[in-house]
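Read the structure below first, then the notes.
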Amino acid sequence: MDHLSQLPGRSTRVIVNLAQLRRNFDLFLKEKPAGLKFLSVVKDNGYGHGMVQIAMEALKKGASYLGVVTVDEALELREAGITAPILLFGERTAEEMGICFEKNLTCSINSKEAFTLAKKLSSQRNQKLTIHLKINTGMNRYGLDWSECLEVVNAAACCDTLFLEGIYSHFAMSDELDKSFAQLQIERFQSVLNQITNQGIHIPLRHICNSGGYLDLPQAHFDMVRIGILPLGVYPSSVCRRVPGLAPVMELHSRIAALREIQPGEFVGYGLRYQAQTPRKIAVLPIGYGDGFPRVRNEGSAIVRSHRAPVVGGIAMDAMMVDVTDIPGISVGDEVVLVGKSNGEEISIHDLAALRKSVSYDAMTSIRSRIPRVYSSET
Ligand SMILES: *Cc1c(COP(=O)(O)O)cnc(C)c1O
């Protein structure tokens, strides 16, 4: 990527505010119970913020672990010189598991078959593999069923080529007001842990909480929490607990690439989806659905010179148009905020998610790598 850093920056960019990220971690650290460890989830390019950068900051703030999903992601962290423990969520092929030995990656073990494979590979290689057993307590995605996992737990604890460092589960619904299903999952997980303890097995890292669980289910913190979205300054839902001072790390900015005035009756964009009723001034922004902006029509807005400029027409692959008729002093090159704040006006990632008819997680990770990430440490 070195040759790319020589190029002039694209006027459309994701601004990642590292100072805010550090503040968010500090707020979390200040209120988190002492002794509670945290794993920083940096999968999917750190939710679109840049995986290595987020991981580095998390480690500086004391993260015990990093969490990713693909082996490629873990290798990118290792290639960046990160030696911290990395937990891989999800399922591994035999070939991938081989890489886990070489790169010292912690494997999730989701099934009896995965355990058998890990055991076989570790004895063949005569090399120890660190594992975390994943328990299915109701999400019904990955994991050994809570009611019938003890055989594998025992076998893993006894296996001297495997280091059974962790046991974990995952909430299907932790960030909504109704916590009854989360409570059921905690009880199931706790019953597994009780049986393990009764058998004299000690597993040092027991974990079930994501950001929602961390915020609202303190009784389920156990030894470690796995937080992804929270340090990015975005809440998993509109109803979970708030941390005063927490603020979004990501902004999406562009600049006006062209301006034109159109007469009543004229159209804007593909499919003639907008027709001017009065004379309008239209600004063209060099960002489209090919950059991950939602492909909406006559919906949403941008902030230009601290004023709202509504989207007119449909979003194209590489461009979108906004109406700037009523905004004074507009010129080509003006800064445009698509996600972020400007003098009291704000477009949040949740607003972008609403345009996609989706959630903030999806909106953040949908911003493509075609848009450069710019890191700012301004306070
Ligand atoms: C993505 C993920 C998380 C993080 O969830 P957030 O809501 O972003 O905190 C935690 N655990 C697992 C297994 C995940 O896949």
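The values are calculated or read from the model by the stated rules, or taken from the named source; none is laboratory data. This is a predicted model, so every value here is computed, not measured. Quick reminder, even Gly has a Cβ in these numbers, built from the backbone with ideal geometry, and neighbours come from all protein chains shown. The area values use the complete protein model at the heavy-atom level, side chains included, leaving out ligands, DNA and RNA. Shrake-Rupley method; radii C 1.70, N 1.55, O 1.52, S 1.80 Å.
Please sort 17-28, 352-363, 226-237 by packing, taking for each peptide the average over its residues of neighbouring beta carbons within 10 angstrom, highest first.
Values: 17-28: 19.5, 352-363: 17.8, 226-237: 23.3.
Ranking, from highest mean packing down: 226-237, 17-28, 352-363.
Rounded to the nearest whole Hz, the Karplus-based 3J(HN,Hα) values (6.51 cos²θ - 1.76 cosθ + 1.60, θ = phi - 60°) of region 319-331 follow the sequence 8, 8, 10, 10, 8, 10, 3, 8, 9, x, x, 6, 9, with x at glycine and proline.
In debye to the nearest 20, how big a dipole does region 122-175 give about its Cα centre with +1 on each Lys and Arg Cβ and -1 on each Asp and Glu Cβ?
Working: 4 positive and 6 negative charges, 48 e Å.
Roughly 240 debye, rounded to the nearest 20.
Can you tell me the dipole magnitude for the chain around its Cα centre, using point charges on the Cβ only (Lys, Arg +1; Asp, Glu -1), in Debye to the nearest 20? Show your work: numbers first, answer last.
Values: 41 positive and 40 negative charges, 54 e Å.
In debye, rounded to 20, the chain gives about 260.
Cross-link partners of residue 103 among aspartates and glutamates, defined as those whose alpha carbon lies under 19 angstrom from its own and excluding same-chain residues fewer than eight positions apart: 72, 73, 76, 79, 91, 95, 165. 3J(HN,Hα) along region 124-132, derived from phi through the Karplus expression 6.51 cos²θ - 1.76 cosθ + 1.60 where θ = phi - 60°, amounts to 4, 7, 6, 9, 7, 10, 8, 10, 10 Hz, with x in place of Gly and Pro. Extension gain for residue 318 to residue 104 (0.36 nm times residue separation, less C-alpha to C-alpha distance): 72.9 nm. Within straight-line reach of residue 179, meaning a Cα separation under 17 Å, sit the following aspartates and glutamates at least 8 residues removed in sequence or on another chain: 187, 216. Extension gain for residue 150-residue 275 works out to 38.4 nm (0.36 nm per residue, less the C-alpha to C-alpha distance). The alpha-carbon of residue 341 sits under 14 angstrom from the alpha-carbons of these aspartates and glutamates, leaving out residues fewer than 8 places away in its chain: 251, 351.
Roughly how big is region 1-125's charge dipole about its Cα centre, with Cβ charges of +1 (Lys, Arg) and -1 (Asp, Glu), in debye to the nearest 20? Walk me through the numbers before you get to the answer.
Values: 17 positive and 14 negative charges, 97 e Å.
Rounded to the nearest 20 debye, it is 460 debye.
The spacing between region 128-171 and region 331-361, judged by their C-alpha centroids, is 42 Å. Taking amide H positions as modeled 1.01 Å from N, with prolines and chain starts lacking one, the residues under 5 Å from residue 300 and 5 or more places away or on another chain are 311. Amide H contacts of residue 234: none lie under 5 Å away among residues 5 or more positions distant or on a separate chain (H built 1.01 Å from N in the peptide plane; Pro and chain starts excluded). Separation of the alpha carbons by more than 32 angstrom is noted, of 37/357; 60/112; 43/128, for 37/357; 60/112. For a test of the definition: using alpha carbon positions, the gyration tensor, and the 1.5 limit on a/c, classify region 52-179 as rounded, prolate or oblate. Since a/c reaches 1.5 but b/c is at least a/b, the shape of region 52-179 is classed as oblate.
Provide 368, 280 ordered by accessible surface of protein heavy atoms (probe 1.4 Å), highest first.
Working: 368 120, 280 50 Å².
So the residues, ranked largest to smallest area, are 368, 280.
The listed residues 10, 78 rank as 10, 78 when sorted by accessible area, largest first, using a 1.4 Å probe. Amide hydrogen proximity for residue 15: with H placed 1.01 Å from N in the peptide plane, the residues at 5 or more positions away or on another chain lying under 5 Å are 251, 252, 253, 374.
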